[in-house]
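Trainee: Can you keep this structure in mind? I'll have questions shortly.
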Amino acid sequence: MTIKEVAKLSGVSITTVSLILNGNTEKFSPKTVQKVLAAKEELGYQPDYFARQM
């Protein structure tokens, strides 16, 4: 699964998903954060180790 798929399922931008998954939740409503986290769980999203090293 990719961050793009999480964004599509949760109905938000890729940037929003990235920020939330990296812990920057203060800019977003609790509802948006919950939608992103629920989509992440539903899809079984796991960050790519090598992509994070860039």
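Trainee: Can we say ALA38 is modelled with pLDDT of 95 or more and among the small types (Gly, Ala, Ser)?
Mentor: yes
Trainee: Being part of a helix (DSSP H, G or I), more than 10 Å from the chain's Cα centre (by Cα) and among the hydrophobic types (A, V, I, L, M, F, W, C), is that true of even one residue in region 24-46?
Mentor: yes
Trainee: Let me ask something else about it. So which residues in region 5-26 are under 15 Å from ASP48 (Cα atoms), surrounded by 11 or more Cβ atoms within 10 Å (Cβ to Cβ), of a type outside the set (Val, Ile, Thr) and free of Cβ contacts under 8 Å to residues at least 24 places away in the same chain?
Mentor: Result: SER18, single match.
The values are calculated or read from the model by the stated rules, or taken from the named source; none is laboratory data. A quick note: this is a predicted structure, and the numbers were derived from the prediction, not measured. Here Cβ is always computed from backbone atoms with ideal geometry, including for glycine, and neighbour counts include all displayed protein chains.
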